[in-house]
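Chemist: A single structure is presented below for examination.
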Amino acid sequence: MVMSHSDSAIREKAFKELDSFLVEIPSWGFANTGTRFGKFVQAGAATTIEEKFADAAEVNRLTGVTPTLALHVLWDLPNGLKDVAAVRELEARFAIRSGSINPNLFQDQEYKFGSLCNPEAAIRERALVHVLDCVEIGKALGSRDISLWMADGSNYPGTQSVRKRIAWLEEALSATHQRLAPNQRLLVEYKPFEPAFYHTDIADWGMASHFARQAGPQACVLVDTGHHYLGQNIEQIVAWLLHTGLLGGFHFNDRRYADDDLTLGSIDPYQIFRIFHEIHSAQSEGLKLDIAYMIDQSHNLKGKIEAMVQTVVTAQELYLKAALVDRERLAELQQSCDLVAAEELYRGAFWTDVRPVVKEWREARGLPADPLAALRESGYVERVAREREKRSTVVGSYA
Ligand code: LRH
Ligand code: MN
């Protein structure tokens, strides 16, 4: 069903929804990334934090909804607090603010048997020092969220004490919570497996919820859409986190098999629609929500800036489709268990082509009606590829 422009009420609602929807983009999404089987280098990929801010500014110029850039500390601030002044300068030059601060507890050799859950107290201590440094970097940059994902786990049964590791992590997250500024949040990200293939210390939403509650009121749960077993009902998990007041944010991406980190909506756009529906429902029932919508993808084959713009546009469209569900009518049909009518109303919104009204919103906001076409017309990708090809820097590790 194509939305007709005459639906001024819907148009007004659409504009309001689109005005409120901001997406945070990851610095590592602009860098050369790959899999364990290799990395296909793109000449125009960003390798310096300056280039990552420049690419983020281009995405924000085209979409108008990505004012913040998620930073991964070891990759973007290798000298920690000493790099804050330089990042502040980049923020001012590119009018892009630093977003969530991501500690890196998975790269160093000493984290072979874990970081905050490592049996060796000295290694746990050093890992905690890194996380506390990230909290201070967040304060110095005015970033609200400390977004914590850990690779911690084991590969073989009997080789680690799962319960001892739970206690060590509780201790570390409480110490981290105590260090937070009043406006800061600790986002606890779960992942069922990889790189650990027997147990992962924060493997699912239940464990992440426990650690968040146990750490304190400024801790909540981050849902990476790629961090679920196939067949898991992710929107039900979102409904639970909304109900328990623990939903802090999302890492959006798509997958066919595991944590594939593909572009949002490329495999199962209906999944993201179902998630957004739970959020819009909670909001329409008066729940006060504070959700960080973030992208976490690795663009191994697609052009990195193109993939980022495509992802932001897809997120806007799916967010708006879900916002247009007639919730009042749906509640009646749910109450009367009129299954087919309820499903047709719900799915009908997903079938709705919102692209015309999103284009109208962009034009009304002085933005290019078609950001992807505008990117191609801008020649930005070709220009930075020429500029960056000249530099002879070696390509770094993950990002
Ligand atoms: C782990 C993860 C985490 C990031 C990393 C780049 O799979 O989702 O959020 O730190 O990807
Ligand atoms: Mn993630």
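Chemist: Answer with yes or no whether TYR229 is open to solvent by 20 Å² or more (accessible area, probe 1.4 Å) and within 16 Å of ligand 1 (Cβ to nearest atom).
Modeler: When the stated conditions are applied, TYR229 passes them.
Chemist: Just give me the residues in the range 145-166 being basic (Lys, Arg) and either within 16 Å of ligand 2 (Cβ to nearest atom) or surrounded by fewer than 21 Cβ atoms within 10 Å (Cβ to Cβ) (or both), in sequence order.
Modeler: Correct list: ARG163, LYS164.
Chemist: Among the listed residues TYR111, TYR198, identify the single one that is open to solvent by less than 40 Å² (accessible area, probe 1.4 Å) and either away from ligand 2 (no atom under 16 Å from the Cβ) or more than 25 Å from VAL87 (Cβ to Cβ) (or both).
Modeler: TYR111
Chemist: Output the number of residues of the range 191-218 satisfying the condition of being more than 14 Å from GLN178 (Cα to Cα), part of a loop (DSSP other than H, G, I, E, B) and small (Gly, Ala, Ser).
Modeler: Final tally of qualifying residues: 2.
Chemist: Mind listing whichever residues of the range 18-39 are surrounded by fewer than 18 Cβ atoms within 10 Å (Cβ to Cβ) and either assigned to a helix (DSSP H, G or I) or modelled with pLDDT under 95 (or both)?
Modeler: Scanning the range 18-39 gives ASP19, SER20, GLY34, THR35, ARG36, PHE37, GLY38, LYS39.
Chemist: Can we say PHE211 is surrounded by fewer than 17 Cβ atoms within 10 Å (Cβ to Cβ) and either within 16 Å of ligand 1 (Cβ to nearest atom) or modelled with pLDDT under 95 (or both)?
Modeler: Against the criterion (surrounded by fewer than 17 Cβ atoms within 10 Å (Cβ to Cβ) and either within 16 Å of ligand 1 (Cβ to nearest atom) or modelled with pLDDT under 95 (or both)), PHE211 does not qualify.
Chemist: Another question, if that's okay. Can you tell me which of (1) within 15 Å of ligand 2 (Cβ to nearest atom); (2) out of contact with any helix residue (DSSP H, G or I) (no Cβ under 7 Å at 6 or more places or on another chain); (3) open to solvent by 60 Å² or more (accessible area, probe 1.4 Å) is the one PRO192 doesn't meet?
Modeler: With (1) within 15 Å of ligand 2 (Cβ to nearest atom); (2) out of contact with any helix residue (DSSP H, G or I) (no Cβ under 7 Å at 6 or more places or on another chain); (3) open to solvent by 60 Å² or more (accessible area, probe 1.4 Å) applied to PRO192, the lone miss is (3).
Chemist: Restricting to the range 281-322, what's the tally of residues that are hydrophobic (A, V, I, L, M, F, W, C), within 16 Å of ligand 1 (Cβ to nearest atom) and part of a helix (DSSP H, G or I)?
Modeler: Within the range 281-322, residues that are hydrophobic (A, V, I, L, M, F, W, C), within 16 Å of ligand 1 (Cβ to nearest atom) and part of a helix (DSSP H, G or I) number 2.
Chemist: A further question on this structure: Just give me the residues in the range 141-182 being in a loop (DSSP other than H, G, I, E, B) and within 24 Å of the chain's Cα centre (by Cα), in sequence order.
Modeler: Residues satisfying the conditions are GLY142, SER143, ARG144, TRP149, MET150, ALA151, ASP152, LEU180, ALA181, PRO182.
Chemist: Which of the following residues is modelled with pLDDT of 95 or more, under 20 Å from PRO356 (Cβ atoms) and in contact with a Pro (Cβ under 6 Å, 6 or more places away or on another chain): VAL325, VAL309?
Modeler: Unique residue meeting the criteria: VAL309.
Chemist: Another question about this same structure. Only one of these is farther than 21 Å from PHE252 by Cα, among the aliphatic types (A, V, I, L, M) and part of a helix (DSSP H, G or I): VAL358, VAL325, VAL381. Name it.
Modeler: So the residue among VAL358, VAL325, VAL381 that is farther than 21 Å from PHE252 by Cα, among the aliphatic types (A, V, I, L, M) and part of a helix (DSSP H, G or I) is VAL381.
Chemist: Something else now. Which residues, counting only those in the range 55-95, are out of contact with any helix residue (DSSP H, G or I) (no Cβ under 7 Å at 6 or more places or on another chain) and either in a strand (DSSP E or B) or of a type in the set (Ser, Thr, Tyr) (or both)?
Modeler: THR68
The values are calculated or read from the model by the stated rules, or taken from the named source; none is laboratory data. Note that the structure is predicted; figures quoted are calculated from it, not measured. Neighbour counts are summed over all protein chains in view; Cβ atoms, including those assigned to glycine, are modelled from backbone coordinates with ideal geometry. The accessibility values were calculated without ligands, DNA or RNA, using every heavy atom of the protein model including side chains. Shrake-Rupley method; radii C 1.70, N 1.55, O 1.52, S 1.80 Å.
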